[in-house]
Every structure is written in structure tokens, then in C-alpha cells.
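**Q** I have a structure here, written as C-alpha cells, and I will follow up with some questions on it.
Any read-out appearing in this document is the output of simple, stated calculations on the displayed coordinates, not a laboratory observation. From a predicted model like this one, the values you see are computed outputs, not experimental measurements. Cβ placement follows ideal geometry from the backbone for every residue including glycine, while neighbour counts extend to all protein chains displayed.
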Amino acid sequence: MTSALIAPLFEPRLRKQIDRALIFSVVALMAVSLYAIYFATAAQPGGGLKYALRQGVFFIIGLILMVVVAAQDYSKFTRYAPFLYIGNALLLLAVRVLSPEINGARRWIPLPIPGMDFKLQPSEFAKVIIILTLAAYLARLGPSIREFSNLIKTLLHVALPVILIQLQPDLGTSLVLLAIWFGMVFLAGADWRHLVGMILVGALLFGVAWQTNLLKPYQKDRIYTFINPMNDPKGDGYHVLQSMTAIGGGQVSGQGLGHGVQTNGQFIPENHTDFIFTVIGEETGFVGAAILLATYALLLARGIATVAESEDALGRLIAVGVVTLFAFHIVVNMGMTLGIMPVVGVPLPLISYGGSAAWSMMVALGLLLGIHMRRHKILF
Amino acid sequence: MINRAVISPKPPTTPTRSSGQSGMITRLRPLPAQDTELSAIRLRMLVAAVILLFAALLGRLWYLQIVQGETMKSKAESNRRRRVRDSAPRGLITDINGKMLAMNEAQFSVFIDPGGLPKKKEDRELVYQQLAPLIGISLDELKKTIDKNRVGSNAIPVAEGVSQQILARIMENRSRLPGIDAGVEPVRRYPQGPVAAHLLGHIAPIKPEELADENIKKRGYRSNDDIGRDGVERAHDELLCGQPGGVFYEIDAKGRRQREIGREDPTPGATLRLNLNLEVQKAAESALAGMYGAAVAIDPRDGSVIALASAPTFDPNLYLKRPLSQEEYETKVKPFGLNRAIQSASPPGSTFKIITSAAGLAEGAISPNTWMYCSGGMQVGKRYFKCHSSHGDVNLRDALAASCDVFYYHVALDVKAERVAAWAEKYGLGSKTGIDLPGEKGGNIPTPEKHALLAAKLGNPDTRWYPGQTANMSIGQGEVQTTPLQMALAVGAVANGGTVWEPHIVKEALDSDGKVTYRAEPKANSKLGLKPDQIAAIQNGLRAAVGGSRGTAHSASLPGIAVAGKTGSAELRGGAQKASHGWFICYAPYEKPTIAICIFLESHNGENYHGGANASPVARKMLAAYFKLGDAATGSGSTVD
């Protein structure tokens, strides 16, 4: 059964096409993740090794998922697109009933794993599911995406999960889905005038949402704070100021592994999840942060190469969705810790602590690997 | 092989085999060739966007880590450092023999470090809720205390003098009580209780106006600190307060101390060794008990203050009882706060005759051998001035010994009021002595000029100075007002041959290693400039007052030690009954004086005090204590006034 799942990987024809550079970048990022999680939580009671070990387990499960997904012909997944789409919506609805409330949000489904407090986060999987279903939809639409009505239909395709996620609420993930939509319809050939028009309408709607209190006060505060963190240095601006202080204090070569002053003093809340980059920035400095950026650049470059080289439209669309997913996460997460992006909760891919996010990302990378292996249409 | 719906960049060459998707096939139109190019252009645009965004991230990293790195790092360093002030122990105060007058005792106290409290209001509330029962007060009381004591980001004391058990409980629960700290704090004690209360002063919470004073601020004071108030505590606060140190702690984001990373030791306050002799002070206070008055003893050789007592007195430890209730303050402290030795100026009566004598001698009105006749009174202007008795023939010696008024009326009328006043000022009367104590009064020496100004100011049409006023002045009555300290220094000047010293309470200050950091240097406020035979004549008269056959101050005499003195009884005007303040000034040993004393008994409730009968026994007890003569000598001698 297991061997059957990964059998295609052993076909010499496909095996030769495995993207080794991508796998290298994934493994490197995982190593960075384990180190950063360890030191981020070392100062907490019961932290340190516990979180790092759990993340290690998440990664092992994630690697298996990645390999299994890569082994499959990606078109197989799109055949189940309607089921994936509906199943995703149901999971997003389920959290309304099943999730405990944490910091005013309901995003999780607790799983009864003995000895482990594990909560599945369906919105993380929504990211990769929407890439697959939207790709399938866009593939069917073909060049007719240039028609405005079709473009609207693709937006509606994304709108349902976005609304369900906003009910949790989770602004970060909603924005990820919209970014993925934009990246995919842009590559699929949507009329740029339509896209510009929609962005303008979106901006208008945002203004309306602001005025009519559709945005939660904390979300508004985050945007205020983004504009001026000094506005409220002890409150909302605290995160960002402490984060910038930590990263800046890393200077050129960092304060040394495990020696971050801000990290060890636990001055940055959530520094093993959304603010994990502060640990890397503080302890490894500009050199470490630049190497991390380069590793991400390698990963994205492999994704872009896959888009460029794939001769199959479906593969190109899925691949560009995955590239958008990663690029958005990297830029928004790092930008947030550096004070050049508003604080929205998106994890740093493959580095932030968390199982659901890691698995979702690795399924996406599995798809990318699979597309890369099968990029040439005519195979002898 | 290809069994999927394909959108190929090129028109599909073979129809799809998937029959189930036949409905879709119609929509799967082949893409025109230019769409491949479009796709490639758009991909390049996406790549460009990603490159731009990554460049922005890298640029921002460069800015924060390399351009601002140094600033950010020091910010992070100061973020985690907190200085906890280490108060300097206040200096001790001892008498000249090292007997403790003011000291510190350890007390446990609980305080809040506002910087260490949780950032969220609800979390802070939780800390307060847990703390209140631990220190045994209600949540409301705790919050009131915090509001009252909060100043900036200083530590807020919430409970003082807590038991060791409470302290232990707070330390145990420290992880649940971020921002709450406990420590040992010194508390001031005055082990002698009410003895020398006025002189020592006390400490009290610093006032905002004191904190605004740069001179006080540089001593390291902060709000809620105690500062010296009154007496030596205030006058020498700068020596006593020391310099606070600090302990630097590494803290985490919740303000909890992680570890000590440095310390600056506080400089303890200096120990002040006073010139005061506790035994003499105690003798004075017990002799004054039940009366209103003061007793001052100085060393005529340098102006050191050997004793400075004021009655009634109070226990300065009451000030340290926090909170001191309004009622306790009104009944136990406030009525007794006046330091009569330096803050009460009254007519000195016949003790003033040492001044009139000096004026007469120096201005040439009399010589030691001038004789006058006292018939029991004399006519001055329109008034007849009586003497205590008919003294008959008197010279200076007899006039001083028997306190003949008529003799001094003649002298003063001869040298004129202005000159008598000038001599009073030479003796240091009518102006502050410069003692190292706060709140000293100067008193008053009248002159015809001052009298006229005052009368004009009061709207009195008669501004003239009458000879009767000169007569009154000559015997220390009327508008003459002196403090007991001034009179002690004046008699001291007679004793030492003419030097009026600036008095000093503090002898020296010693740092924690016992090194002298401050020493009071003798300083003359004025020199009388009398010829030796002139000063000798006055000394002779004072000796005769105690030891001579006609003397008024026999009750001050001691076995084996020659005492010289002068009594005074200053009558109060206006009362229906006869009432007078009792005064006595003296020095001893006559041949080589080491102590000069002034006793003042205030006719507070119409008492009729006399220098010989009431005041001189007080001095006698002080002398007995000073010369360690024991109880046998302290019985009262014969009294003549």
C-alpha cells in the first residue's frame, strides 16, 4: 500500500527529474526552524526541547505527505476538486462548533491524540486546497478568463472560503487566499484592466468596511500601529517595536545562537510562531537573515522554474499558486517583524512552529515537486 | 497515457479520451500562440515583483541591523536591565561619648515596581487581588495606597513593617506576583525617647517642594523617601543621608528579575558625633520636667553645645509611626514642638546686667571700684523705679552679686541706651547665633531709633524714647528679648575672657571606616574687647553671686567646684498677680571654665519663677552631672534671691 503510493518515484524516468535543489532548500529551512523554535522557547517554562521535538515530528509527517503527494500525478487531485472544495468549506464551518475560543478566535479542531494537545487548523489546508480547485477551474476556463464574467466567477470561487475564514476570524489567511487568486488569474491571462478595476473596487470596499466597522477594532488597531508603532509602544506597537529592536540588535553577525538578549528575555510574544524571524535576526544577524532570504529565494526560483518549464497549463497554474503562497507568506511575515508590513497572522513557511501550517506547506511543495517531475509533456 | 484534461500551450493533437468530461471539452479551446507569450511575460512580471519585495526585505534588514544596529542593540540591552535602588542607610547620631541618639532598625517592607507589573489591566488586577490578602488589607485599601504613593515609575511602598512570615509568603508566590517585591528597609529609631527630641529632630516623607530643590535632589532623594525634618536630622541631612547605590538586574519581558548583573554600593550616611553630653542633657530634662522652659550648656572654650533642652518635650519615635493619626499628632507632638532654647525669645531680666556692666566699664561710666548708693529705688523721669531691697553702698561686684537694679539704672542712664544696645549686640543678643539647627529666632535689642520706627508703624503719636525705657533695658526688661542659647553664649564670653562663639551641635562626622569627613571648627561671632581688669570685675561679681555673702545664687553652689552665675527674674506686665520668667546663667569652674549654662523657666501659666529659687537648681543638677559629682551633690543648697 505504502509502496504503491510512492511507486512512481522509483521510475527512473521520474526519479531523474526530482528537484534536488528544492529538497535541499526544504531541509535547510527545517533545520533553521528546529534551532529557532528551540531557542525561542528555551526561556519559557517547559519550553525548549519540547517544542522543537514536536516540530520535528510535524516535519517527519510533513515529509511523508510531501513525498506521497509528489509521487502522485497532480491531475488526480484536480479530479476530486468539487469534493475538496466542499470538504474544505465543511471543515471551515466545523470550527464554528468544535473550536475552543482562543484570543477571540475560533480556528481549530482539537484532535484527541493522547499526551499531546493538538489542534488542527483547517484554514491552513484551505490554502493548498484552493490552489488545487482554482487551478482546476482556471484550466477548464482556459483563455475565456479574459471575459470579465469568468474572472468574477473565479473570484466567487475564492470568496466562499474567504468569508468562512473571516468568520473565525483570520485576516492573514483571507489575504493569502486573495493573493493566491490574484497570482493565478494573473498568470492565467486575465485582462489587466479588469484586475486594476477590481483592485480599485477592493480598495473602495475596504474603505467602506472601515467606516461600517466590518473590520474588528483589533484589526484596525493593527493597521494604525503599522502606520506608527510609536503610537502605542506599550500596547499594540509593542510587538513590532520589540521585534525591530531584536532584529536590529543582531547587527552584522548576530548575538550568537542562544544568546539573543530580547529572545532570552521573552520580550517578543509569539516568537516561536509568527514572530520567529526575530530569533533568527537577533541571534544570526544580517548574515544569517540574508542566508535565510537566499534559501527562500532558491525555493521560489525552483517554483518559478517549474512554472516556466511545465508544458501543462494545470501544472503551471498549481505551481504559480504555490509560488504565490510562499512568496506572500515570506514577504508579509518578515515584513511584519521588520515593521514594514502590518501585523497579520501568517506563519513563516517551514519555520514557524505549528503542524497544520507545516503540512499544508509541504503538501504544496509535494505538488511542486510532482509538477516538476512531470513538466515535459511528451515523454519517451 | 495522458488521461487528464489538458490545457496545452499547443493545440492538442489527440482528442481526450475522457468521455465523462465531454461537457467540458467544448470549453477546452486551444490556446492561441500569443497566450504562451502572454503567460511568459506575466511570469516575468511576477518574478520581478518577488525580486522587488525580497530586495525591500533585504534593504530593511540592512537598515535595521547595520545602519541602526548599534542603537538597536543598546536599546535591547537597556530593555533588559533594570536598576533597583539600594538605599543608603542613614547615618547614626551619637553624643560625645558615643551614646546612641538616633539609629536604624531593620524592617521588612513590600513594594510594587510599576515597570514590572503586567501590561494588561486585567492581569494587574489579578496581581492586586492576590497581594491584598497577603499583606492583610482590602483590595480597595491597596489600590488607594498605590494611587497615593505612585510617583512616576518609582517603586511604590504598599506595606511597611511586615512580619517575616508575610515576607516569606510573598517570596514563595513571586512567580505569580510579577512586579511585587519585598525587602529589608532600615527604619529610624530614637533610643533615648523624648530626650533631646527638639535637638535631634526626626525624619518625614519628603515634600514636593523639597524634591524640587536642586540641593536636596542631588542627595539622591526620590518621592516617598524620608528626609530629615527639624533638628540635627534636617540641619545635617546632607551628611546623614549618604548616597544611594543600585543593583542592576537582568529582567525578562514581564519585569521579573533573572539575575544580578552589576551593582553600585551605596555610600552609607555619616555617623554624626555631637558635642552633646547625654548625661547633662538628661539632668537638664529631668530638672525641667513639669515646667515650660529651656536649658542650654555650652563649652566656653569653643562654643560646643553640651546640652540643649526644651520643656515640655515629646517622643520623636511617634513621627515614625505611620500613619500617625491626626489626633495623636495634635495631642502628643504638636503642642511640644517648640524648641524654647532657640525659638523662644523673652526679656532676660537681671542676667542682662552682664551686658550693662560691660557697657559701663568699656564706655568709662564706671570702674570696678565705682561705688553707688542704693536706697531701695530711684526716680527716673516721671516714674519711681524700685529695687528689690535697699542695698546701701554697692560697687560692681556687689551689684552683680546682690542684683542691685539702682546701680544699673545709673550706669545705663550715663552711657545711654544706644551704647547699651551696641554692647548687647556685641554679646550676640538680638540676632541669630548661627547654631547648626533650623528655625532659630534672633530675639530683639531695642534702641531709641528702632523704638521710634516701631511706634510710627503702629500709628503711635508718641515716638519718643524715655529714660525709663533705658532703665528698663539696663535690667533686661521691657523690649529686650533674648533666647536661652544667646544668654548661654553671652555668659560663656564672660567666662572665656570675651569671645562670643558660634555654637555647634555637631562635633564631627565619621564615614563608615571611622574617618573624619567633617569637623566643626570653632568660630568667634564677636570679641568683646574688654580689658582684662574689666572682664575680671564682671567675673568677680558673678562668682560672688554664687559664693559671696550677698549672692543671689547660692543654690547653684557645688562642693569643690567654684561656680559663677547671675540670676534673673523677668516680670511679666499686665497680669493681676505677680508673675515672672526665671533665668539663671552661670559657668564653672570659675578659674578655668569648661561649661557655661543658661536656664530659662517660662511663666507659661502665670507662674512666678525666680532665678535663684527655681532656675539655678536646674543648672546645679546639670553641673553635677557634667562634673560627675553624683547624687550627694545634687541636693538643693540654700536659696537667696
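**Q** Going by C-beta contacts inside 10 Å, put A:Tyr296, B:Tyr587, B:Tyr518 in order with the fewest on the left.
**A** So the residues, fewest neighbours to most, are B:Tyr518, A:Tyr296, B:Tyr587.
**Q** Then there's this: Using a simple charge model, +1 on the beta-carbon of Lys and Arg, -1 on the beta-carbon of Asp and Glu, nothing else, what dipole does the protein assembly as shown show about its Cα centre, in debye to the nearest 20?
**A** Once rounded to the nearest 20, the dipole reads 3560 debye.
**Q** While we're on this one: Please list 3J(HN,Hα) in residue order for the range B:598-610, calculated via the Karplus relation 6.51 cos²θ - 1.76 cosθ + 1.60 where θ = phi - 60°; whole Hz, with x for glycine and proline.
**A** Each residue's phi maps through the Karplus curve to give 10, 10, 10, 10, 8, 7, 6, 10, x, 5, 10, 7, 10 Hz.
**Q** How many nm is it between the label spots at B:Asp213 and A:Ile223, if each spot is 7 Å from the Cα in line with the beta carbon?
**A** 5.7 nm
**Q** Need one word for chain A: rounded, prolate or oblate. Basis is the Cα gyration tensor (sqrt eigenvalues a ≥ b ≥ c); a/c below 1.5 gives rounded, then a/b vs b/c decides.
**A** Oblate is the answer for chain A, as a/c is 1.5 or above yet b/c matches or exceeds a/b.
**Q** Please list, ordered by chain and number, the residues whose modelled amide H lies under 5 Å from the amide H of B:Ser580; skip anything fewer than 5 residues away on the same chain.
**A** When sequence neighbours closer than 5 places are left aside, the close amide H contacts are B:Leu572, B:Asn608, B:Tyr609.
**Q** Any idea what the relative contact order of the range B:491-587 is, in percent, if you count C-alpha pairs under 8 Å spaced at least 6 apart?
**A** About 21 percent, as a whole number.
**Q** Please list, in order along the range A:77-91, the HN-Hα scalar couplings obtained from phi with the Karplus expression 6.51 cos²θ - 1.76 cosθ + 1.60 (θ = phi - 60°), rounded to whole Hz, x for Gly and Pro.
**A** 5, 5, 5, 9, 3, x, 5, 4, 5, 5, x, 4, 4, 5, 4
**Q** Each residue of the range A:287-295 in turn: what ³J(HN,Hα) in whole Hz from Karplus with 6.51, -1.76, 1.60 and θ = phi - 60°, glycine and Pro shown as x?
**A** Along the range A:287-295, the couplings run 4, x, 5, 5, 5, 4, 4, 5, 5 Hz.
**Q** Roughly how tilted is helix B:448-457, in degrees to the nearest 10 and between 0 and 90, from the longest Cα axis of chain B?
**A** 60 degrees
**Q** So, one more: Go ahead and set up a Gaussian network model of chain A, Cα springs under 10 Å, then flag whichever of A:Lys220, A:Lys119, A:Lys76 fluctuates most.
**A** Of A:Lys220, A:Lys119, A:Lys76, the Gaussian network model singles out A:Lys76 as fluctuating most.
**Q** While we're on this one: Would you mind classifying the range B:58-171 by shape? Square roots of the alpha carbon gyration tensor eigenvalues, ordered a ≥ b ≥ c; an a/c under 1.5 is rounded, otherwise it is prolate if a/b is larger than b/c and oblate if not.
**A** Here the range B:58-171 falls in the oblate category.
**Q** Next up: Compute the helix-to-body angle for B:121-134: its Cα long axis versus the longest principal axis of chain B, expressed 0 to 90° and rounded to tens.
**A** 50 degrees
**Q** Taking amide H positions as placed 1.01 Å from N in the peptide plane, with prolines and chain starts having none, which residues 5 or more places from B:Ile227, or on another chain, fall under 5 Å of its amide H?
**A** B:Ala204, B:Ile206
**Q** Using Cα positions and a limit of under 19 Å, work out the lysines in reach of B:Lys416, with same-chain residues fewer than 8 apart set aside.
**A** B:Lys416 reaches B:Lys353, B:Lys382, B:Lys426, B:Lys450.
**Q** Nearest 0.05, what FRET efficiency do A:Ala159 and B:Lys332 give at R0 = 60 Å with Cβ-Cβ as r?
**A** Efficiency, from the Cβ-Cβ distance: 0.15.
**Q** How do B:Ser557, B:Ser580, B:Ser78 line up, fewest other C-beta atoms within 10 Å first?
**A** B:Ser78, B:Ser557, B:Ser580
**Q** With the cut-off at 1.5 for a/c, could you classify the range A:1-144 from its C-alpha gyration tensor as rounded, prolate or oblate?
**A** It comes out oblate by the Cα gyration axes.
**Q** Counting partner chain Cβ atoms within 10 Å of every residue's Cβ in A:261-267, what's the average?
**A** That works out to 6 on average.
**Q** Just need the relative contact order of chain A here, percent rounded to a whole number, with Cα pairs under 8 Å and 6+ apart.
**A** 27 percent
**Q** Answer with one residue from A:Ala313, A:Gly250, A:Leu368: the one whose Cα lies farthest towards the positive end of the charge dipole of the range A:17-373, charges on Cβ with Lys, Arg +1 and Asp, Glu -1.
**A** A:Ala313
**Q** Over chain B, what is the relative contact order in percent, taking alpha-carbon pairs closer than 8 angstrom and at least six residues apart?
**A** Computed value for chain B: 13 percent relative contact order.
**Q** Another question, if that's okay. Report the label-to-label distance for B:Glu70 and B:Ala48 in nanometres (one decimal), using points 7 Å from each Cα along the Cα→Cβ vector.
**A** Using points 7 Å along Cα→Cβ, the separation is 4.0 nm.
**Q** If you don't mind, there's one more thing I want to ask. Near the amide H of B:Leu101, under 5 Å away, which other amide H atoms are found, from residues 5 or more places off or on another chain, if H is placed in the peptide plane?
**A** Sorted by chain and number, the residues that satisfy this are B:Ile93, B:Thr94, B:Asp95.
**Q** Take A:Phe148, A:Phe58, B:Phe584 and order them by how many other Cβ atoms sit within 10 Å, fewest up front.
**A** Exposure proxy ranking, most exposed first: A:Phe148, A:Phe58, B:Phe584.
**Q** While we're here: I'd like the distance separating the alpha-carbon centroids of the range B:278-336 and the range B:353-376, in whole Å.
**A** 38 Å
**Q** Mind checking which aspartates and glutamates have their C-alpha under 13 Å from B:Lys218, skipping anything on the same chain fewer than 8 residues away?
**A** Hits, sequence-local ones excluded: B:Glu210, B:Asp237, B:Glu238.
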